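Chemist: Here you go, one structure.
The values are calculated or read from the model by the stated rules, or taken from the named source; none is laboratory data. Only a predicted model underlies this, so the values are computations on that prediction, with no experimental measurement involved. Glycine gets a Cβ as well: all are built from the backbone with ideal geometry, and neighbour counts include every protein chain shown.
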Amino acid sequence: MIEYPGFIAVETGEDNSLPLAIAWALSDGTVKHTLIQPDEQWLDDEMLSLNGYDLDDLRYLGVSPLDVLRELEGDHFNETLYTAGVQDDEAALSRLFDDFGVDPFIELAPASRLYPDLGAGEWSRARNELFGDMGLEPLRPEHEVQVMLELHKRLVDEQG
């Protein structure tokens with residue numbers, strides 16, 4: 001049984017800091033995913049971009065940002081989580097931590113760092129190919145995490 005690293009992805013509005021949805025992987029390869037209820041102070045911006053989401057869906061189907069942070073903390077306290085887009089995910093997570101006064105309890109690192117034998121850009125190319133092969137969308141966090149899990153499995157199998 002393969003043990004997976006913690007992968008994480010956050011979908012944001014066009015400003016790259018408004019968190020709309022989040023997904024992360026557990027060590028057994030399970031993916032947790034949810035929409036994020038927007039905090040009312042986030043909605044003051046009249047140029048708000050919701051990336052095609054309906055505001056009512058986010059409000060009623062989403063989970064409160066504090067509950068998202070609690071769940072993430074329960075799964076990955078004091079761990080490094082790996083992401084395909086460190087700056088974008090970092091900006092969105094910083095907004096969650098900062099706006100709710102929570103000290104960051106995770107660190108983000110590029111997922112490509114897990115595979116030092118791959119040349120520059122090889123991990124990204126393989127990831128992009130997998131999106132096509134699996135018929136998934138790159139900007140959806142649950143799809144991002146599924147692709148990183150599958151790519152990890154393939155790379156570990158090649159080494160083993």
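Chemist: Given (1) closer than 17 Å to GLY29 by Cα; (2) assigned to a helix (DSSP H, G or I); (3) at pLDDT 95 or above, where does VAL156 come up short, assuming only one miss?
Modeler: So VAL156 meets the others, but not (3).
Chemist: Looking only at the stretch 126-153, filter to residues that are outside any helix (DSSP H, G or I) and hydrophobic (A, V, I, L, M, F, W, C); which one of those is nearest to LEU20 (Cα to Cα)?
Modeler: Taking the stretch 126-153 first, the residues outside any helix (DSSP H, G or I) are 135-140.
Checking which are hydrophobic (A, V, I, L, M, F, W, C) leaves us with 136, 139.
Details: LEU136: 18, LEU139: 11 Å.
If we take residues in the stretch 126-153 being outside any helix (DSSP H, G or I) and hydrophobic (A, V, I, L, M, F, W, C), then LEU139 is nearest to LEU20 (Cα to Cα).
Chemist: Give the stretch 65-105 a look and list any residue that's of a type in the set (Phe, Trp, Tyr) and farther than 19 Å from PRO5 by Cα, or say none. Explain how you work it out, then say what you get.
Modeler: In the first step, residues of the stretch 65-105 are kept if they are of a type in the set (Phe, Trp, Tyr); the result is 77, 82, 97, 100, 105.
Those that are of a type in the set (Phe, Trp, Tyr) and farther than 19 Å from PRO5 by Cα: PHE97, PHE100.
Chemist: While we're looking at this one, here's another question. Would the stretch 118-125 turn up any residue that is in a loop (DSSP other than H, G, I, E, B), more than 16 Å from ALA25 (Cβ to Cβ), out of contact with any strand residue (DSSP E or B) (no Cβ under 6 Å at 6 or more places or on another chain) and of a type in the set (Asp, Glu)?
Modeler: No: zero hits.
Chemist: Sort out which residues of the stretch 83-95 are at pLDDT 90 or above and more than 14 Å from ALA23 (Cα to Cα), and write them in order of number.
Modeler: Hit for the stretch 83-95 is SER94, nothing else.
Chemist: Right, here's the next one. Looking at (1) within 19 Å of TYR4 (Cα to Cα); (2) out of contact with any strand residue (DSSP E or B) (no Cβ under 9 Å at 6 or more places or on another chain); (3) at pLDDT below 95, find the lone condition where ARG59 falls short.
Modeler: Status for ARG59: all satisfied but (1).
Chemist: Something else now. Which of (1) more than 15 Å from the chain's Cα centre (by Cα); (2) without any contact (Cβ under 8 Å) to a residue 24 or more places away in the chain does GLU90 not meet, given it meets every other one?
Modeler: Result: GLU90 fails condition (1) only.
Chemist: Show the residue pairs meeting these rules: Cβ distance below 6 Å; 6+ apart or different chains; first residue within the stretch 4-25 and modelled with pLDDT of 90 or more; second residue among the acidic types (Asp, Glu) and in a strand (DSSP E or B).
Modeler: Short answer, once both residue conditions are applied: GLY6/GLU79; LEU20/GLU11; ALA21/GLU11.
Chemist: Tell me, yes or no, whether the stretch 64-74 has at least one residue that is more than 22 Å from ASP103 (Cβ to Cβ) and among the small types (Gly, Ala, Ser).
Modeler: No, there is no match, as no residue in the stretch 64-74 is more than 22 Å from ASP103 (Cβ to Cβ) and among the small types (Gly, Ala, Ser).
Chemist: Here's a follow-up. Do we have PRO141 as in contact (Cβ under 8 Å) with a residue 40 or more places away in the chain and not acidic (Asp, Glu) here? Before the answer, list the steps.
Modeler: On the way: in contact (Cβ under 8 Å) with a residue 40 or more places away in the chain: yes; not acidic (Asp, Glu): yes.
Yes.
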